[in-house]
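K.L.:
Here it is: the structure, laid out below.
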Amino acid sequence: MKKLLPWIISGVLAVGLIGVVAYFLIFGNLLGNKQPMTAAQAAAAEKEKIAQMSASEIAEVSSDITDLTTNMADPSYVVKMSFSFQLADKDAKANFDLIKDLKVTPIIIRTLADTKPEDIQSAEGIEQLDAKLMKLINSSLPEESGKVVDVQVSNKIVSPL
């Protein structure tokens, strides 16, 4: 019996530990019953944080690309646009400013080259362009450089050649 007792204790502890792990996997994590945040929920939380910023705070974390001129998907049209980017924090803005000519401007030019003139004539079309640019830019930025939290078209001229 003395040789069997350590095996019984080890078995009971193993089953108990497996039970505890299974409980937390099924019913929540160690800190409570929090659900993981989806991408949409994270974006909504970020937008709420942005809404609470003052004008001077927004200016401190914003960067502009002005007077970008390129052809559109319809070769008989040219677009001249300016963009304003709001970043997560001051460090993200500093990193963004270092690479905006190298990474961000080419992304915008490629995106506009695939865009038809009628796609950006409406407010909805411009909002779709903003969302597309934000997704493309954030996916191409290095992880440590921060993220773009808002993109706005600040000037737009679409003109036939």
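The values are calculated or read from the model by the stated rules, or taken from the named source; none is laboratory data. For clarity, every value in this text was computed on a predicted model and none was experimentally measured. Note that we place each Cβ from the backbone using ideal geometry, even for glycine, and neighbour counts take in every protein chain shown. Please note that ligands, DNA and RNA were not included when accessible areas were found on the heavy atoms of the full protein model with its side chains. Shrake-Rupley method; radii C 1.70, N 1.55, O 1.52, S 1.80 Å.
K.L.:
Could you list which residues have their amide H under 5 Å from that of residue 77, counting only those 5 or more apart in sequence or on another chain, with H placed in the peptide plane?
P.N.:
Amide H neighbours of residue 77: 72, 161.
K.L.:
Sticking with this one: By how many nm would the segment from residue 62 to residue 110 lengthen if fully extended, with 0.36 nm per residue of separation less the alpha-carbon distance?
P.N.:
Using 0.36 nm per residue and subtracting the Cα-Cα distance, I get 15.0 nm.
K.L.:
Still on this model: What is the chain's relative contact order, in percent, from Cα pairs under 8 angstrom and six or more apart in sequence?
P.N.:
Relative contact order of the chain: 25 percent.
K.L.:
In the structure displayed, which of 80/132; 80/116; 90/156 lie more than 22 Å apart, Cα to Cα?
P.N.:
Too far apart for the 22 Å limit: 90/156.
K.L.:
Putting +1 on Lys and Arg Cβ atoms and -1 on Asp and Glu Cβ atoms, find which of 61, 158, 13 reaches farthest to the positive end of the dipole of the chain.
P.N.:
Checked the options; the winner is 13.
K.L.:
Pairs of Cα atoms under 8 Å, at least six residues apart: use those to get the relative contact order of the stretch 106-161, whole percent. Let's see the in-between values first.
P.N.:
Working: 25 pairs, mean separation 18.0, N = 56.
Over the stretch 106-161, the number comes to 32 percent.
K.L.:
Which value in deg cm²/dmol, rounded to the nearest 500, describes the helix-derived mean residue ellipticity at 222 nm for the chain, given -39,500 (n - 2.57) per DSSP H run of n ≥ 4 and division by the residue count? Write down the numbers at each step before the final one.
P.N.:
Values: 6 runs with 79 residues, N = 161.
Dividing the helical sum by the residues of the chain leaves -15500 deg cm²/dmol.
K.L.:
Separation of the stretch 107-134 and the stretch 142-161 by C-alpha centroid, Å?
P.N.:
Taking the Cα centre of the stretch 142-161 as reference, the centre of the stretch 107-134 is 10 Å away.
K.L.:
Carbon and sulfur: what percent of the chain's accessible surface (1.4 Å probe)?
P.N.:
Summing carbon and sulfur atoms, their accessible area is 62 percent of the total for the chain.
K.L.:
What are the semi-axes of the equivalent ellipsoid for the chain, taken as the square roots of 5 times the Cα gyration tensor eigenvalues, largest first, in whole Å?
P.N.:
Its equivalent ellipsoid spans semi-axes of 52, 18, 15 Å.
K.L.:
With all protein chains present and a 1.4 Å probe, how do 81, 134 order by accessible area, largest first?
P.N.:
134, 81
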